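Just so it is clear, none of the values below were taken in a lab; they were calculated from the coordinates. Here the structure is a predicted model, which is why all the values come from computation and not from measurement. Cβ: placed from backbone, ideal geometry, glycine included. Neighbour counts: every protein chain shown.
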Amino acid sequence: MALWGKIDRANNSPIFAVTKVCLAPNTTNRDNFYQNTTANAFLTTSVNNTYGVFGVDGTELKVKSKSLTAVVLNNAGTTNSYLPGDILTIALGTGTLAGPPSKAVVVTSAIRTVTLVVGGAAYAPGDTVQLASGSGANLGVFSVSTVSGNVVTALGAVSTRGSFSVAPTLTAGPTANITGVGTGLTVTTTMQINAVAIADPGLYSVQPSTTTGNGPASSGTGTGATLDLTYTANKDKGLAHTGWVVRTKGTGLRTGRVQQEVLVAGGISTSNTGDDTIYPDS
């Protein structure tokens with residue numbers, strides 16, 4: 001009669017499991033089958049598949065994981081520059097990772113501040129200009145506030161922040177007129193986030209603790225941006241029961257695919273000591 005115990009070791013493994021690979025149910029075959037990781041150890045016609053019997057404890061059971069499914073900009077950033085392509089790694093807080101962390105990417109940036117560098121010539125108060133480097137749907141608009149001898153001495157407010165898919169020249173960058181005839185005005189620019197997208201949904205057994213106003217770490221120099229996050233449960237993964245299972249690992253067209261077949265459901269301990277009661281087949 002096939003017998004097994006709760007302790008994860010060969011002599012508690014189900015003796016009948018070896019019939020899955022056409023072996024006689026005896027203790028020698030049982031011991032060889034226990035935790036086998038060698039391909040073709042039993043069936044040379046199985047195209048290098050690997051078979052073995054394993055004890056599964058509670059830590060190996062399926063866990064409901066969560067991943068990032070939506071990200072919305074909460075705060076565009078307050079210091080330095082966020083540039084297109086910057087990666088924002090979501091702050092974990094009291095969450096628990098089950099895989100990689102979730103990440104967002106800056107898709108487009110917008111002007112946060114412009115500072116006068118060179119005042120150029122032939123400008124008048126109220127002239128409007130835009131950045132003349134970078135690219136995007138809109139390169140932003142700001143104005144000339146004051147001039148002295150037709151040279152700009154102060155800039156007005158940024159009226160349109162723009163949408164840059166390629167960052168402009170941030171230090172002493174050129175400008176182009178929208179109104180007026182001035183030339184030679186250059187500015188230093190800082191950028192904030194305009195739009196974000198999911199770069200990596202991540203995998204968590206417990207999602208990040210802050211989902212409204214999460215402050216991610218940037219791969220660039222920008223700081224102060226926050227995001228609103230939506231996490232959704234993934235399909236259950238792993239095994240449904242503790243107990244003894246036959247594990248088949250495929251090769252060829254099934255390379256890396258693992259099939260778990262529960263033979264005996266019940267509590268299994270990874271310890272080599274403790275309750276060693278033998279439980280008969282049922």
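Residues 127, 57, ranked from the fewest to the most other C-beta atoms within 10 Å, line up as 57, 127. Applied to the stretch 20-29, the Karplus parametrisation 6.51 cos²θ - 1.76 cosθ + 1.60 on θ = phi - 60° returns per-residue 3J(HN,Hα) values of 5, 10, 6, 10, 6, x, 9, 5, 5, 5 Hz, with x for Gly and Pro.
Residue 109 sits among other residues whose Cβ lies under 10 Å from its own Cβ, and their net charge, with Lys and Arg +1 and Asp and Glu -1, is +1.
For the chain, the dipole from Cβ point charges (+1 on Lys and Arg, -1 on Asp and Glu) about the Cα centre works out to 380 debye, to the nearest 20.
The ranking of 196, 181, 56, 262 from fewest to most other beta carbons within 10 Å of each one's beta carbon is 181, 262, 196, 56. Pairs of lysines in the stretch 64-237 whose Cα atoms sit within less than 13 Å of one another amount to 4, provided the residues are eight or more positions apart or on different chains. Using only the Cα atoms of the stretch 64-237, build the gyration tensor, take square roots of its eigenvalues as a ≥ b ≥ c, and label the shape rounded, prolate or oblate: rounded if a/c is under 1.5, else prolate if a/b is larger than b/c, else oblate. Prolate shape, in that a/c is at least 1.5 and a/b is the bigger ratio.
Taking other C-beta atoms within 10 angstrom as a stand-in for reagent exposure, 33, 54 fall in the order 54, 33, fewest first. Among rounded, prolate and oblate, which fits the stretch 1-151 when a ≥ b ≥ c are the square roots of the eigenvalues of its C-alpha gyration tensor, a/c under 1.5 means rounded, and a/b larger than b/c means prolate? Prolate shape, in that a/c is at least 1.5 and a/b is the bigger ratio.
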